[in-house]
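> Sharing a structure, written as structure tokens. Questions coming.
The values are calculated or read from the model by the stated rules, or taken from the named source; none is laboratory data. Bear in mind the structure is a predicted one, so any value in this text is a computation, not a measurement. A quick note on method: Cβ atoms are made from the backbone with ideal geometry, for glycine too, and the neighbour counts reach across all protein chains shown. Heavy atoms of the whole protein, side chains included, go into the accessibility calculation; ligands, DNA and RNA do not. Shrake-Rupley method; radii C 1.70, N 1.55, O 1.52, S 1.80 Å.
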Amino acid sequence: MKWAKKMERFDVIVIGGGPAGLMAAGRAAEAGRKVLLIEKNAGLGEKLLLAGKRRCNLTNALQDQDVFLSRYGARGGEFLRHVFSAFGPRETIAFFNRSGVRTVIERGSRVFPEKSETQDDELGGSQRVLECLLLYCKKGGVRFLRKTSVKALKLTGRGGPECRVDRIITNAEELSAERYIVATGGKSYPKTGSTGDGYRFACQAGHRIVKPTPALVPVRTKETWIKLANRFNLRNVKLSAAVNGELVDERFGEMEFTNFGLSGAIVMELSSFVTDWMERGETTFIIDMKPALSQEKLVARIERDFEKFSDREFGRALVDLAPSAVIPMILELSDVPPEKPVQYVSPEEKEDLAFLLKNITLTLNGLWSFDHAIVTKGGVELTEVDPKTMRSNLCENLYFAGEVLDINGPTGGFNLQNCWSTGAVSGSAV
């Protein structure tokens with residue numbers, strides 16, 4: 001490899017051109033730093049463009065900060081408490097509003113870019129958010145180096161108090177800066193470039209990595225009869241999780257049946273805990289299709305329906321009790337023959353049917369892969385990073401931002417907020 005005679009030096013090098021990296025680069029450049037952003041893809045913000053089904057759920061408008069922080073878990077929430085004091089959800093909304101991206105609040109306090117009446121919204125709000133960040137960086141004079149992979153960090157004093165990153169080695173050249181920000185993302189959606197490179201760089205500097213696992217991802221189940229309701233979306237259901245028969249969590253909302261298990265909002269929220277639960281024992285999900293009705297009231301409802309359809313067989317008398325796409329699955333699980341006239345269905349069988357509708361139980365046997373995960377659980381150990389600056393506690397000129405850290409939250413704008421906040425704080429600190 002041929003090196004230039006004189007290596008160009010920057011104040012700051014940001015590795016990764018996603019939401020955290022772009023925010024960090026723009027923030028540092030705004031303060032007058034000479035910034036280089038390196039991205040291995042041809043385009044910037046590849047994963048950002050997919051956010052919120054291209055609508056880009058920027059953040060969440062929850063007013064109670066303690067509740068907001070609790071969505072990241074105890075450790076992640078406490079770490080972000082310091083970060084949000086410098087740049088939190090309010091600052092995020094104000095930043096994008098100032099930059100021309102007006103926002104609206106929708107169901108669940110989700111914050112989205114307002115649909116533009118003058119621009120082509122075919123690509124969705126994500127495109128406008130990305131354009132906003134690119135303009136922010138360009139105004140500060142950030143230089144972009146695309147289609148360039150960082151292979152390694154070159155350090156001096158590794159493992160000691162004098163540890164520093166001296167330069168980085170890319171697939172084309174060596175580059176040097178006073179400070180470095182790693183914002184490479186996790187391992188979710190690897191096709192967008194998130195392949196865990198940042199973990200390798202962190203390890204080089206002596207950092208511990210909490211084992212990365214898929215999060216906000218569909219789950220796999222042992223039961224094969226779930227295919228009978230494939231691709232059907234259920235609304236207003238209760239989903240409970242149990243480990244060795246003991247209830248550990250529950251959610252209300254929407255979920256979807258798949259060929260191999262379950263997906264949808266409430267399933268993906270619980271998926272973040274599945275790996276830990278499965279290490280403790282047999283983990284099951286219990287679906288209550290009628291959470292608004294008690295067992296007793298549901299039996300009464302079944303009796304009314306069967307009286308209404310008294311001339312029908314059991315299999316054809318469930319049309320008002322369950323969506324047609326789910327009925328084949330219910331018939332598979334029920335002990336009542338589909339052809340049995342409903343006038344001959346016994347009280348005990350009605351009780352069993354009510355219990356079934358409130359307790360469809362599935363045994364989990366794993367998660368879908370990182371290819372289907374929205375975010376990564378795990379990453380750079382938080383105790384080794386200063387939340388006030390995002391600087392490494394082990395290497396004096398190395399910083400981290402975004403999903404590369406061991407922080408993840410539920411759907412609803414929480415994960416992008418992590419990126420905006422840690423990116424802004426690291427960019428300001430350098």
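> What is the percent of Cα-Cα separations in segment 175-292 that go past 17 Å?
65 percent
> How big is segment 106-249 on each of its three principal axes, counting only the C-alpha atoms and giving the largest first in Å?
57, 52, 27
> How far apart, in nanometres, would the label points at Glu250 and Ala31 be if each is projected 7 angstrom from Cα along the Cα-to-Cβ direction?
According to this spin-label approximation, the distance is 4.8 nm.
> Residue separation times 0.36 nm, minus the C-alpha to C-alpha distance between Lys151 and Ser116: what's the value?
Answer, rounded to one decimal: 8.5 nm.
> Quick check of the Kirkwood formula: for segment 1-101, what is the inverse mean of 1/r over all pairs of different Cα atoms, in Å?
For segment 1-101, the Kirkwood estimate is 16.2 Å.
> Still on this structure, I have one more. Using +1 at the C-beta of Lys and Arg and -1 at the C-beta of Asp and Glu, which of Val385, Thr213, Asn415 has the Cα lying farthest in the positive direction of the dipole of the chain?
Highest projection toward the positive end goes to Val385.
> Suppose every Lys and Arg Cβ carries +1 and every Asp and Glu Cβ carries -1, with no other charges. What dipole size does segment 330-375 come out with about its Cα centre, to the nearest 20 debye?
140 debye
> May I pose another question? Given a 1.4 Å probe and every protein chain left where it sits, what share in percent of the accessible area of the chain is carbon and sulfur?
Reported share for carbon and sulfur atoms: 48 percent.
> Right, here's the next one. Enter the accessible area per residue of the chain (Å², integer; probe 1.4 Å; all protein chains in place).
Per residue, the chain has an accessible area of 46 Å².
> With each run of n ≥ 4 DSSP H residues scored as -39500 (n - 2.57), what mean residue ellipticity at 222 nm is computed for the chain after dividing by its residue count and rounding to the nearest 500 deg cm²/dmol?
That calculation yields -9500 deg cm²/dmol at 222 nm.
> So, how do all the Cα-to-Cα distances of segment 33-78 break down into 5 Å bins, in percent, from 0 on up?
Result returned by the calculation: 5, 15, 13, 13, 16, 17, 15, 5.
> Which of Leu175, Trp225, Asn236 sits closest to the plus end of the dipole of segment 170-274, meaning its Cα is farthest towards the positive end, when Lys and Arg get +1 and Asp and Glu get -1 on the C-beta?
Trp225
> Once you compute Rg and the Kirkwood Rh from C-alpha atoms, what is the Rg to Rh ratio for segment 142-209?
With Rg and the Kirkwood Rh in hand, the quotient comes to 0.97.
> Here is a further query. Could you calculate the contour length gain from Trp225 to Asp320, that is, 0.36 nm times the residue separation minus the distance between their Cα atoms, to one decimal place in nm?
Length gained, Trp225 through Asp320: 32.0 nm.
> Rounded to the nearest 10 Å², what accessible area does Met289 have for a 1.4 Å probe in the complete protein model?
Answer for Met289: close to 20 Å² accessible.
> A further question follows. For Glu78 and Glu106 in the same chain, what is the full-extension length gain: residue separation times 0.36 nm, less their Cα-Cα distance, in nm?
Difference between extended and current length: 7.4 nm.
> Tell me which of Leu364, Pro337, Ile374 sits at the most positive position along the dipole axis of segment 329-387, charges placed on C-beta atoms (Lys, Arg +1; Asp, Glu -1).
Pro337
> While we're looking at this one, here's another question. Give me the dipole magnitude in Debye, nearest 20, for the chain about the Cα centre, with unit charges on the beta carbon: positive for Lys and Arg, negative for Asp and Glu. Display every interim value, and only then the final one.
On the way: 59 positive and 54 negative charges, 476 e Å.
Approximately 2280 debye in magnitude.
> Just to verify a number: FRET efficiency for Asp276 and Asp64, C-beta to C-beta distance, R0 = 22 Å, to 0.05?
0.25
> Step through the table entries Lys238/Lys350; Lys53/Lys222; Lys34/Lys154; Lys47/Lys187; Lys34/Lys138; Lys47/Lys147, compare each Cα-Cα distance with 23 Å, and write down the pairs that go over it.
From the list (Lys238/Lys350; Lys53/Lys222; Lys34/Lys154; Lys47/Lys187; Lys34/Lys138; Lys47/Lys147), the Cα-Cα distance tops 23 Å for Lys53/Lys222.
> Span-like helices, the chain: DSSP H, alpha-carbon axial extent 18 Å or more, mean Kyte-Doolittle 0.0 or greater, which ones?
Span-like helices here: 125-139, 265-280, 414-429.
> Binning at 10 angstrom from zero up to the longest distance, how are the C-alpha pair distances of segment 312-379 distributed in percent?
Final binned percentages: 16, 41, 16, 15, 10, 2.
> Quote the accessible area belonging to Met255 in square angstrom, nearest 10, computed with a 1.4 Å probe and with ligands, DNA and RNA left uncounted.
0 Å²
> With viscosity set to 1.002 mPa s and temperature to 20 °C, compute the Stokes-Einstein D of segment 279-356, Rh being the Kirkwood radius across alpha carbon pairs; µm²/s, no decimals.
Numbers: Rh = 13.3 Å.
In µm²/s, the coefficient is 162.
> Now a separate question. Give the dimensionless ratio obtained when the Cα radius of gyration of the chain is divided by 2.2 N^0.38 Å. Walk me through the numbers on the way to the answer.
On the way: Rg = 25.5 Å, N = 430, 2.2 N^0.38 = 22.0 Å.
Its radius of gyration relative to the 2.2 N^0.38 Å reference: 1.16.
> Continuing with this model, one more query. Top to bottom by accessible area (1.4 Å), largest first, where do Leu293, Leu262 land?
Numbers: Leu293 50, Leu262 0 Å².
If we order Leu293, Leu262 from most to least accessible, we get Leu293, Leu262.
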